[in-house]
Amino acid sequence: MSLEAFSQQYRQRIDALLEQHIEALSDVAPTLKAAMRHGLLLGGKRVRPFLVYATGNMLGVADEQLDGPAAAIECIHAYSLIHDDLPAMDDDDLRRGHPTVHKAFDEASAVLAGDALQALAFSILADHPLPDSLRTNQLLMVSQLARAAGYAGMCGGQALDLAAEGQQVPLAALEQIHRHKTGALIECAVTLGALCHHQLPTDQLTALQQYAAAIGLAFQVQDDILDITADTATLGKPQGSDQALGKSTYPALLGLDAARELAHDLHRQALAALAPLPYNTHILRAFADYI
């Protein structure tokens, strides 16, 4: 199966699952529910659930076992975007070509929608039916997602990113920001897919995490490049928003050509991490090429 066909198949699957999870909520707070839906279901590449499915599929795990982790991590990602767009953070009006949640609703609804999606993520992951052989792994998945989403991961990275606005940070500091802010959830997605296999050897899990760390950083480098080279219609958010906020970016620190070379080097690292694995890594390799 090609990357495009695989991606389309699982995008449809995760979109349907997320719709089901939103529909299953009661109507006790209809405006909040609508804000959650707006932030969660208005498109997106679904990179993180894609990586859960791609990793699990490679390991022979049934889709039904991967559904919970895939939905959970996308809820975390959606919550992070809703909060990231708020006036107190990046103050963006567009997300995925649509008004951001605080623009479509109001700031209080956006804050609560993000909070509620974060809680929903852990509810989905904890309650997802898995075989008895995976109960220990399921607890570990909850721990891994909490770590990747919180102080040691995405939230910590966002705090570092906000603190760095308006100043030129060193390259090592920029990498630290993005390994936390963007990379932590991408690495977590691959880890969740791997943990749906009941007995994956430690060295294979480590190789997959090295792959994820490389593509997670490459993803951010490419995002920085696109902020300069693409237009608003292509990006689905305002072009040049990083520059407007005075953010340090890879092109700003390295120049555009060197930033592109860094992305290529990270791509090579990702492929090298996959090379020893005794599985069909076609989809993960193709995804690294895509990034």
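The values are calculated or read from the model by the stated rules, or taken from the named source; none is laboratory data. Note that the structure is a prediction, hence the values are computed from the model and not measured. Cβ placement follows ideal geometry from the backbone for every residue including glycine, while neighbour counts extend to all protein chains displayed. The area values use the complete protein model at the heavy-atom level, side chains included, leaving out ligands, DNA and RNA. Shrake-Rupley method; radii C 1.70, N 1.55, O 1.52, S 1.80 Å.
Couple of notes before you dig in:
- Nearest-20 debye value, the chain charge dipole, Cβ charges on Lys, Arg, Asp, Glu: 480
- Fully extended contour minus Cα-Cα distance, from GLN20 to GLU165, at 0.36 nm per residue: 48.3 nm
- The Cα center of segment 1-42 and the Cα center of segment 45-124 differ in position by 9 Å.
- Two-site label geometry, TYR290 and ASP115: point separation in nm, points 7 Å out along Cα→Cβ: 3.5
- Segment 1-98, accessible surface, carbon-and-sulfur percent (1.4 angstrom probe): 51
- Cut-off 13 Å, label 7 Å out along Cα→Cβ of LEU226, residues of segment 1-30 by amide N: none
- Put the Cα centre of segment 142-177 next to the Cα centre of segment 196-215 and the gap is 22 Å.
- Solvent-accessible heavy-atom area per residue, rounded to whole Å², over the chain at 1.4 Å: 44
- Close amide H pairs (under 5 Å, H built 1.01 Å from N) link ARG95 with THR100, residues at least 5 positions away or on another chain.
- Note on ASP127/ALA272: beta-carbon distance plugged into 1/(1 + (r/R0)^6) with R0 of 45 Å gives a FRET efficiency of 0.75.
- Kyte-Doolittle mean at least 0.5 and Cα axial length at least 20 Å: DSSP H helices in the chain: 107-127
- Lysine pair count for the chain with Cα-Cα distance under 17 Å and sequence separation of 8 or more or different chains is 5.
- Across every pair of non-identical alpha carbons in the chain, the mean reciprocal distance, once inverted, gives a Kirkwood radius of 19.3 Å.
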